[in-house]
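Working notes for the structure below.
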Amino acid sequence: LSLLPLSSTKPHSHSYIKFCLFSYNHQPISFKSSKPTSIHPFMQRFHLSFSQNPTLMMDSSSSPLSLQNPSSSPKPTKKTLLSSLIGTNTPSSLRTPSFEEDNYFVTLLKSSEKKALQDLKKLLLEATTTSSNEVSMWGVPLLGGDDRADVILLKFLRARDFRVNESLNMILKCLSWRKEFSADTIVEEDLSQFKELEGVIAYMQGYDKEGHPVCYNAYGLFRDKDMYERFFGDEEKLKKFLRWRVQVLERGIRLLHFKPGGVNSLIQVTDLKDMPKRELRVASNHIMSLFQDNYPEMVARKIFINVPWYFSMLYSMFSPFLTQRTKSKFVISKEGNAAETLYKFIRPEDIPVQYGGLSFPSDLQNGPPKPASEFTVKGGEKVNIQIEGIEGGATITWDIVVGGWDLEYSAEFVPNAEGSYTIAVEKPRKIGSSEEAIHNSFTSKESGKMILSVDNTASRKKKVAAYRYVVRKCTAT
């Protein structure tokens, strides 16, 4: 599918939209809307496409990037940042007729799928009999009856719609790439030159509610021209960045089970805030091509947050041509709704504080995070959270966050004894929408209760929120 603006029938007023579809015999089918359609001038700068090469519909193994043999790689196809981020050139994303939850239990496969799996094993054995090394990926032997191998082989089969020969070709290319790229040992490789990007650009942090490891991506830092030149200024720098990016991904894959019924894929969260579109197009194409060719079916869901208006508009035009299975993997969240979106899939204690969660960088070294309690603050509502049973001399420590704050917050301690005065621990103050979670503590001199107040009476918008606390009793010396 290509969306191309045609010449205007009336100056500065209307444009036609032309769609070019390629049938399975690769003959272009063109048609034109019968009525003029208004097109914003901004749209004329975009070219939205699944692929400009119709043969890619049959075999996406011919990616724009081939690290095995750059001299023989096909001419790169021009893609927008949108198509690169979504990664729509995987055939299964386009051809699967309906959404069906992936399973890796061989007994639950269709008879044709079981046969494809057995045929793939046979062909892989024949293709690697001359190899002196054990054929394996991610520490899993692909031959020998290990059910973890079935999970990996099924990923390659699904990526090629269970076409055995194409799946075999993809596996062999992946094995070759992993050997040349030293992907099996890249996690232990010293890439300290990218230390400043850790926890900022791409990083693994926490799990979703179903146990999938979560990978966060945020490239807004490269809006700074100096930062961009440091890491993408030439081809050599780009290659080094790719090694670091693969290292991050391999860390996440080591958290997968590769077991039928286990957690066998990741969640990917991409922050589009301040992302430099034009500058990152080449890098994003390389990253997505590399991932699609060598990490098939590794992402269970792609969540895009802080999405600008033009991305949402383009995706809404794009989505009717995607299958239900593909669309079910995409979550598009407009700017300002990051917390509300992420809370649907990830527990607040696992969400980074910059996205409305309670996961502080310092928490990552202290083991599993302390669970938080979620609550909702309706528009025009004030919520009081009462933490009772605090003894004299005890210290209470709490964290509280509201997604997109923009409301008033306060905290006070109310003693149990009659005649005692309420203590304003934190005076009422307006919390800006961009502020992160509040972390505070208070040591009481007498028994009582802590009241955390969130006042949303000035707003009509419902907001998600979370809090947690720990009370440490006074220990006698």
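Just a few scattered comments:
- Counted residues, the range 181-204 - those being touching a helix residue (DSSP H, G or I) at 6+ places or on another chain (Cβ under 7 Å), in contact (Cβ under 8 Å) with a residue 40 or more places away in the chain and either polar (S, T, N, Q) or part of a loop (DSSP other than H, G, I, E, B) (or both): 3
- Residue that is farthest from residue 357 (Cα to Cα), among those in the range 193-207 that are crowded, with 18+ Cβ neighbours inside 10 Å and of a type in the set (Gly, Ala, Ser): 202
- Residue list for the range 301-354, restricted to those being hydroxyl-bearing (Ser, Thr, Tyr) and within 28 Å of residue 405 (Cβ to Cβ): 310, 312, 315, 333, 341, 343
- Given (1) part of a helix (DSSP H, G or I); (2) more than 21 Å from residue 256 (Cα to Cα); (3) at pLDDT 95 or above; (4) not polar (S, T, N, Q), number of the condition residue 157 does not satisfy: (2)
- One residue stands out among those in the range 456-475 that are under 27 Å from residue 418 (Cβ atoms) and either at pLDDT 95 or above or of a type in the set (A, V, I, L, M) (or both): the one that is least open to solvent (accessible area, probe 1.4 Å), which is 471.
- Number of residues in the range 107-118 that are over 19 Å from residue 325 (Cα atoms) and at pLDDT 95 or above equals 7.
- Filter result (in contact with an Asp or Glu (Cβ under 9 Å, 6 or more places away or on another chain) and free of Cβ contacts under 8 Å to residues at least 24 places away in the same chain) within the range 117-138: 136
- Sole residue being among the aromatic types (Phe, Trp, Tyr), closer than 30 Å to residue 340 by Cβ and touching a Leu at 6+ places or on another chain (Cβ under 7 Å), chosen from 219, 207: 219
- Test: residue in the range 376-398 that is open to solvent by less than 40 Å² (accessible area, probe 1.4 Å), in a loop (DSSP other than H, G, I, E, B) and of a type in the set (A, V, I, L, M, F, W, C): yes
- Any hit, the range 241-263, residues being open to solvent by 20 Å² or more (accessible area, probe 1.4 Å) and more than 24 Å from residue 170 (Cβ to Cβ): yes
- Test: residue 290 is buried (at least 17 other Cβ atoms within 10 Å of the Cβ) and either in a loop (DSSP other than H, G, I, E, B) or touching a strand residue (DSSP E or B) at 6+ places or on another chain (Cβ under 9 Å) (or both): no
- Those residues of the range 315-325 which are farther than 19 Å from residue 272 by Cβ and not hydrophobic (A, V, I, L, M, F, W, C), in sequence order: 320, 323, 324, 325
- Every residue from the range 223-244 that is modelled with pLDDT of 90 or more and either of a type in the set (Phe, Trp, Tyr) or under 21 Å from the mean Cα position of the chain (by Cα) (or both): 241, 242, 243, 244
- Being in a loop (DSSP other than H, G, I, E, B), open to solvent by less than 30 Å² (accessible area, probe 1.4 Å), touching a residue at least 24 places away in the same chain (Cβ under 8 Å) and touching a Lys or Arg at 6+ places or on another chain (Cβ under 7 Å) is a description that applies to residue 346.
- Note on the range 355-367: among residues that are out of contact with any helix residue (DSSP H, G or I) (no Cβ under 9 Å at 6 or more places or on another chain) and open to solvent by 70 Å² or more (accessible area, probe 1.4 Å), the one that is nearest to residue 205 (Cα to Cα) is 364.
- You will find that of 169, 165, the residue that is surrounded by 14 or more Cβ atoms within 10 Å (Cβ to Cβ) and more than 30 Å from residue 358 (Cα to Cα) is 169 and no other.
- Meets criteria (within 26 Å of the chain's Cα centre (by Cα), open to solvent by 20 Å² or more (accessible area, probe 1.4 Å) and among the polar types (S, T, N, Q)) for residue 103: yes
- Output for the range 205-246, where each listed residue is part of a loop (DSSP other than H, G, I, E, B) and either of a type in the set (Asp, Glu) or in contact (Cβ under 8 Å) with a residue 40 or more places away in the chain (or both): 208, 209, 210, 211, 212, 219, 224, 234
The values are calculated or read from the model by the stated rules, or taken from the named source; none is laboratory data. Quick caveat, the model's predicted, so the values are computed rather than measured. Glycine also receives a Cβ, built like all others from the backbone with ideal geometry; neighbour counts cover every protein chain displayed. These area figures cover heavy atoms from the full protein model, side chains too; ligands, DNA and RNA do not enter into them. Shrake-Rupley method; radii C 1.70, N 1.55, O 1.52, S 1.80 Å.
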